[in-house]
1. Within segment A:90-100, can you find the residues that are touching a residue at least 40 places away in the same chain (Cβ under 8 Å) and at the interface with chain B (Cβ under 8 Å from one of its Cβ atoms)?
2. What are the residue pairs meeting all of these: first residue in segment B:382-398, first residue closer than 15 Å to B:SER367 by Cα, second residue at pLDDT below 85 and of a type in the set (A, V, I, L, M), Cβ atoms under 8 Å, and 6 or more apart or on different chains?
3. Pull out all pairs, ordered by first then second residue, where Cβ-Cβ is under 7 Å, the residues are six or more apart or on different chains, the first lies in segment B:159-171 and is assigned to a loop (DSSP other than H, G, I, E, B), and the second is modelled with pLDDT of 90 or more and among the small types (Gly, Ala, Ser).
4. For segment B:434-482: of the residues being among the charged types (D, E, K, R) and in a loop (DSSP other than H, G, I, E, B), which is surrounded by the fewest Cβ atoms within 10 Å (Cβ to Cβ)?
5. If you take the residues of segment B:215-225 that are assigned to a loop (DSSP other than H, G, I, E, B), surrounded by fewer than 20 Cβ atoms within 10 Å (Cβ to Cβ) and touching a residue at least 24 places away in the same chain (Cβ under 8 Å), which of them is farthest from the other protein chains (Cβ to nearest Cβ)?
6. Out of segment B:397-431, which residues are part of a loop (DSSP other than H, G, I, E, B) and modelled with pLDDT of 90 or more?
7. Identify, by number, the condition in (1) crowded, with 16+ Cβ neighbours inside 10 Å; (2) assigned to a loop (DSSP other than H, G, I, E, B); (3) more than 14 Å from chain B (Cβ to nearest Cβ) that A:PHE308 doesn't meet.
8. A:LEU86 passes all but one of (1) away from every other protein chain (no Cβ under 12 Å); (2) in contact with a helix residue (DSSP H, G or I) (Cβ under 9 Å, 6 or more places away or on another chain); which number fails?
Amino acid sequence: MLSRVADTIYWLARYMERTQSMLQVIRTNYIASQNEIYDFNWRPFLQLYGDLTPDELAQLDGHSTPILTHLVLDRNNGASAYRNILQGRENARAVQDHITKEVWQSLNDFYHVIRDPEVGQQITHEDPISGLDALLRQALLYAGTVQHTMPRDEGYAYLGIGKCLERAIQTTDILRVRWATVKEHAVHPLDAPALRYLLYSLVGYEQYIKTYKGTFNTENVLQFIVYNTQFPHALLYSLDQLAYYFGRLQPESLPESHAHVAFLIGKVRTAVRYSRLSAQEPEQLTSFLLQTRQQLLDVASALNTSYFGYN
Amino acid sequence: MKEDSLLKAYQEQPQVWDEMFGADGIRPEYTHFVTAIENLPASEMTRKDELAKKLFMSQGITFTVYSSGEGIEKIFPFDIIPRIIQHREWLHIEAGIKQRLRALNIFLKDIYHQQFILKDGLLPASLVYSCPQFLREMMHVDVPHDIYTHIAGVDLIRDNDGQFYVLEDNLRTPSGVSYMLENRSITYRIFPDLLPKNNVQPVKDYPDLLYRNLLALAGRQDSDATVVLLSPGIYNSAYFEHSTLARLMGIRLVEGRDLIVHNHFVYMKTTKGLQRVDVIYRRVDDEFLDPLAFRPDSALGVSGLYWAYRKGNVAIVNAMGNGVADDKAVYSYVPEMIRYYLNEEPILKTVPTYQMADPDLRQLVFSQMDRMVIKRTNESGGYGMLIGSAATQEQMDDFRKAILEDPRSFIAQPIISLSSTPCYLNGVLQPRRVDLRPFALYGPSGIDIVPGGLTRVALQEGSLVVNSSQGGGSKDTWVLGE
């Protein structure tokens, strides 16, 4: 497979995973901001998904409409959901002969939904949840279409690698940013709202309460998000999947390229699996998450040089 | 003759050859088709028209307009009424194009080697050396099998005398062949059974013939030669065609950044490392092919490609430097070339062409500008062109000024009144002007022309400009069997 094609497919998957993840976070945040159960702040997420200056950030405080517009619909914000979807679709266009027609059409539809004035109107002036749900449904449709129609070839492996790598990075980021609000209340063992929103952001709330029979505490939530290999957004699960998809590439790779990237994936996976994290030591947790993030970026840049022809 | 309402409303134009209607009614090649559609109710024709549009959209046969910053998908307008060419006429066209191509190919070999044609004084040397598409870099380069013009899309038009004239030879990177293929595949869906009943010759062999020719150019003693299609990328208006052809031939679609030249060999960057490339079917213009040899600011090409080509390590299709034979000023010498190189009389007519560099001819053209088409010698796509009959005084003055500043870059031709053919527009048949672009493939085993081509239509009433970039559309082109 051409390096450019592989790169384009891999980024297609990353853009779509990122879109799905940020839409979920925005939806959860919006609900949190309306409930006002605790001191809610959009800022960490505006910083994560945007490029506003501190002054501009200050102006947006407490105004849902411009915040949602900026994060979801703003065509000038390079990190907005709109731009991610646009990019994903452009990537799909460039590699149409390597993905199925159904995948292409699902992305094309996604693009038309976010351009739909009706959806824009819902997000900015009516019920933002309905608008965001319409978009999330498209994201799920894309994921299902990939699962259902793509041949299990090299292209599929790159889709899987992009998805799992991006998911691992997103989980690390969301956990780190959200934990900052949890941390302040760490002395109260049942600080449920912050933990609940953290789980909602990662689509893990229902699974968590089933697993832990409704008991909320910071230690369990942390264990669940980092180590639970049955939770599809858990860090360790994403890394296991990343290793699996990358393993599929072996016959299609130069031996030294494969060994190099496999080593880096193995390194971060092992570091996560054999770590001992505790909710009682927030600083250790933050530095661990930052270190994991860096290792994930190292995997990305090793893919760039060994597989995608960046020199 | 025109009993039913569909045909009755059709207004023929005076002084224009109509492809469907002659002086004695419907031409014989159209009778079968007209019999099949004349009794269809208008609603059914409209349904067919809508179905065709839907098929184009759902199959993604679109081009993208990026003018507004975001891509907008548009379909290339398609008219459901086919243009039909009878067998005898096609044989004439086929023989004429083959003859022209043979002569033009020898001309390119000659002009880039010994230049007999200049030494014998048939063609002024100044005309060749002043042509911006004449590449000195191609002097004494031996191209595989001495073939330069692997793919040509010759534009033909029919004047009111019923004769075909060659308008352009398009020896560089002619486009439109994917529409020839797609138009056919839409036609058999909207008019079931009509193709076999009319004995229409198939065009589906084009990709196979092209691939066979491309493979034959691979120099390596290797059963597994790598052929790629080099595209400028998704932002090119013909990207759909590039990806279609690559898919039909089963070859890789690459961009300049996918290729690298190492030690005068061309490789593509794959996830498994570098893989040698033997043949490049390029859809990138000469000047962008190699930033080291041509335009240094080109990001579409491959550094070092020219030297790899020159050394014979890679075959490039079409050859570099073909533009000199495509120059509109050189065009007027093609009949002479045919006599000189082949010792034959030209089969196809050419349009009289006046070189603006000649002061007498220039005066002649200036005095009757309203009856002339004035063209820039190195442009295509309907750009850089003035149609005297439709131009304002101001436009004419601008062209006069431009011609005086740089006479070599302009030619003038009398306005040829393109033939018309019925188009199904807004529920009625209306005459619109058409041309014809058959695609010729020149390989080591000879020249093949699939029976058919792209019929381009000027969709504006009375317009003579058929280029898709200027609001043209297309039709399926049927060449009937014996």
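1. The one that is touching a residue at least 40 places away in the same chain (Cβ under 8 Å) and at the interface with chain B (Cβ under 8 Å from one of its Cβ atoms): A:ALA94.
2. Pairs that qualify, where the first residue is closer than 15 Å to B:SER367 by Cα and the partner is at pLDDT below 85 and of a type in the set (A, V, I, L, M), are B:ILE387/B:LEU464; B:ILE387/B:VAL465.
3. Listed by first residue and then by second, the contacts come to B:ASP169/B:ALA152; B:ASP169/B:ALA325; B:ASN170/B:ALA152; B:ASN170/B:GLY153; B:LEU171/B:ALA152; B:LEU171/B:ALA325.
4. Filtering first and then ranking leaves B:GLU482.
5. Filtering first and then ranking leaves B:GLY219.
6. Passing the criteria: only B:SER419.
7. (3)
8. The failed condition is (1).
The values are calculated or read from the model by the stated rules, or taken from the named source; none is laboratory data. Computed from a predicted model, the values in this text were never measured in an experiment. Neighbour counts are summed over all protein chains in view; Cβ atoms, including those assigned to glycine, are modelled from backbone coordinates with ideal geometry.
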